[in-house]
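The structure appears right after this line, and notes come after that.
The values are calculated or read from the model by the stated rules, or taken from the named source; none is laboratory data. For clarity, every value in this text was computed on a predicted model and none was experimentally measured. Backbone-built Cβ (ideal geometry, glycine too); neighbour counts: all protein chains shown. Accessible surface is based on the protein model in full, side chains and every heavy atom, while ligands, DNA and RNA are left aside. Shrake-Rupley method; radii C 1.70, N 1.55, O 1.52, S 1.80 Å.
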Amino acid sequence: MSYLLALDQGTSSTRSIVFDSRGRIVGMSQREFAQHYPQPGWVEHDPMDIWRTQKETLLEAISRAGIQPNELAGIGITNQRETTVVWDRHTGAPVYNAIVWQDRRAEPTCAALRAQGLEPGILQKTGLRIDAYFSATKLKWILDHVPGARARAQAGDLLFGTIDSWLIWQLTAGRCHLTDVSNAARTLLMNVHTGHWDDDLLACLDIPRGMMPEILPSTADFGHVDPQWLGRAVPISGVAGDQQSALFGQACFRPGTAKNTYGTGCFMLMNIGEHFRISDNGLVTTRAAQPDTTPAFALEGSVFVGGAVVQWLRDGLQAFVHSSDIEALARSVPDSGGVMFVPAFTGLGAPWWDPDARGTITGLTRGTSMAHIARAALESIAYQSAALLQAMERDAQAAQAAPMQALRVDGGACVNDLLMQFQADLLGIPVLRPTMIETTALGAAFLAGLQSGIYASIEELESLWRIERQFDPVMPRDQAADHLAAWDRAVRQACTH
């Protein structure tokens, strides 16, 4: 029993990966699933699509690994966070599609809460700003708009969960309604100081407490997979939201270590240790993946549109056929020719928090080509991430903490050497790409491995982390400063305040 299965349920695809005890992939399977956009600003998934693709991929990954289920020591789950599911506790049937983290329909509720002056108190309790990004107002929308949902919830017939809870419920055949502290911290309903659901926050949004899953540490007993799925009862022993899981998989166990994940969005997290502190620079404070009962915190900044800008160029403008083609197109010109691309398709996240900002392309001339726009699109990912790191550095300086020495990177777009070099140039610190870039899934496997006894300590996990390539900054700092100033001007044109 020396293998670990990580279920990595993402925004656009579902994956399952089998790792050996050295953190190496021995089997993997992936399925894309449908995205639903019922109205502008609305994004939904069918929860049954998520469950179907997860079930298919886990079976396929085990088969491709050439192992039997009885060789699995444990299962780890990592998931798109904030995405909200409500289902019937008796039938397991969802009452509505999952409302995805990118969805903005709850912004009017958020505006009303802010107008009541509630944000400072909520920030102190949750570490989060009031924003439609988080789960609570999505849940309230379902209760308010799905016929009969609120009455059924008050009668105790409906359950709420983020995607981890939904998968645990399905995998355990309805026996376990659980979540971990890192996912619960993204709902706007958990007090991050206590690690429990907060009665005042639930009351504020009129959410029945009986809907809420039990909160456990990220390494814990999350029940066993029902034998109908794998032929035996494999333990679910690690759970974390995708970004906290990536922080764990990157071995960022010490305060001051940080990672950036380049996926659909970009998510930069810095470990700040056991003590909660609020950012003065537009970041949120979240609970990190917690391998024991000791609280762990991270500063986080979220870029809503990262790799998704490449998908938009591919599908919306049909600029190229495959997402990987963008690097060659961008390299065909020496620079962006003065073009700046602010991909605020769903508003801007940290550190600006402007839900009404919209995408802009500035600096166009008669000589601008699609190659310049492609290069500007790639660079926009690095610019947005640089703004997050600058905010983290200001917070670290205020807390008299050591400055960041390097940035660890992962996610699909980190394989783009042009993007990684530009990122290092903007930041002025080394960018470290590990040999294993599937760090989100690896973090879930590490958490499960700690619980199941495959690993004895986080020090052992630290020894497994390896660098594949280091990108050192080569751009003069005054030139980088000019680039960042030009980006700030472009962002101001996209913002509404």
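Just to verify a number: FRET efficiency for residue 417 and residue 462, C-beta to C-beta distance, R0 = 22 Å, to 0.05?
For residue 417 and residue 462, the calculated efficiency is 0.25.
Starting from the Cα of residue 114, move 7 Å in the Cα-to-Cβ direction to define the label point; list residues of the range 123-147 whose amide nitrogen is under 17 Å from there. Once the point is set 7 Å along Cα→Cβ of residue 114, 123-124, 127-138 turn out to lie under 17 Å by backbone N, inside the range 123-147.
Using heavy atoms of the protein chains and a probe of 1.4 Å, the accessible area assigned to residue 32 is about 150 Å².
Once you sort the root eigenvalues of the Cα gyration tensor of the range 353-497 as a ≥ b ≥ c, which label holds: rounded (a/c under 1.5), prolate (a/b larger than b/c) or oblate (the other case)? Judged from the Cα gyration tensor, the range 353-497 comes out prolate (a/c at least 1.5, a/b above b/c). The separation of the range 427-476 from the range 3-45, counted between C-alpha centres, amounts to 19 Å.
Taking the Cβ of residue 107 as the center, what net charge do the other residues with Cβ under 13 Å away carry, scoring Lys and Arg +1 and Asp and Glu -1? List each step's numbers first, then the result.
Working: positive: 104, 105, 114, 129, 138, 140; negative: 103, 131, 354, 356.
Local net charge: +2.
Of the two radii for the range 1-149, the radius of gyration is 1.08 times the Kirkwood radius, both from the alpha carbons; that is the Rg over Rh value. For the range 57-134, the Kirkwood hydrodynamic radius from C-alpha pairs, put into Stokes-Einstein at 25 °C and a viscosity of 0.890 mPa s, yields a diffusion coefficient of 150 µm² per second.
Which shape class, rounded, prolate or oblate, goes with the range 95-196 when its Cα gyration tensor gives a ≥ b ≥ c as root eigenvalues, a/c under 1.5 marks rounded, and past that a/b bigger than b/c marks prolate? Here the range 95-196 falls in the oblate category.
Using a Förster distance of 35 angstrom, determine the FRET efficiency expected from the C-beta separation of residue 492 and residue 13, and round it to 0.05.
On the way: r = 35 Å, r/R0 = 1.00.
E between residue 492 and residue 13, to the nearest 0.05, is 0.50.
For the range 427-473, the spread of Cα positions along the three principal axes, ordered from largest to smallest, is 41, 19, 16 Å.
The alpha carbons of the range 271-340 occupy a box of 50, 27, 20 Å along the principal axes, longest dimension given first. With viscosity 1.306 mPa s and temperature 10 °C, the Kirkwood radius over alpha carbon pairs of the range 222-311 converts through Stokes-Einstein to a diffusion coefficient of 108 µm²/s. Compared with the alpha-carbon gap, the fully stretched path from residue 354 to residue 292 is longer by 18.7 nm at 0.36 nm per residue. Ordering 163, 467 by accessible surface, largest first, gives 467, 163; the 1.4 Å probe counts only protein heavy atoms, with every chain in place. The value of relative contact order for the chain, using C-alpha pairs under 8 Å at least six residues apart, is 15 percent. Screening the chain for DSSP H helices whose Cα atoms reach 20 Å or more along their own axis and whose mean Kyte hydropathy is at least -1.0 gives 47-65, 370-398, 477-494. Only protein heavy atoms count here; on that basis, with a 1.4 Å probe, residue 322 has an accessible area of about 110 Å². Every pair of different Cα atoms in the range 141-182 enters the Kirkwood calculation, which places the hydrodynamic radius at 11.4 Å. Rounded to the nearest 500, the helix-only mean residue ellipticity at 222 nm of the chain stands at -10500 deg cm²/dmol, with each DSSP H run of n ≥ 4 adding -39,500 (n - 2.57). Remark on the range 138-256: ratio of C-alpha radius of gyration to 2.2 N^0.38 Å is 1.16.
Given the Cα atoms of the range 366-405, and with Rh set as the inverse mean 1/r over their pairs in the Kirkwood sense, what is Rg to Rh to two decimals?
Values: Rg = 15.7 Å, Rh = 12.1 Å.
Ratio of gyration radius to Kirkwood radius for the range 366-405: 1.30.
A Förster radius of 35 Å combined with the Cβ-Cβ distance from residue 59 to residue 325 puts the calculated FRET efficiency at roughly 0.60. Ordered from largest to smallest accessible area (heavy atoms of protein chains, 1.4 Å probe), the residues 190, 475 come out as 475, 190. Taking every protein chain into account, the 1.4 Å probe leaves residue 304 with about 10 Å² of accessible area, to the nearest ten. Translational diffusion coefficient of the range 304-345 (Stokes-Einstein, Kirkwood radius from Cα pairs, 20 °C, 1.002 mPa s): 193 µm²/s.
Across all directions, the shadow cast by the convex hull of the range 181-332 built on its C-alpha atoms averages 13.6 square nanometres. According to the Kirkwood relation over distinct C-alpha pairs, the hydrodynamic radius of the range 277-417 is 16.8 Å. Taking a ≥ b ≥ c as the square roots of the eigenvalues of the alpha-carbon gyration tensor, the range 255-299 is classed oblate because a/c is 1.5 or more while a/b is no larger than b/c.
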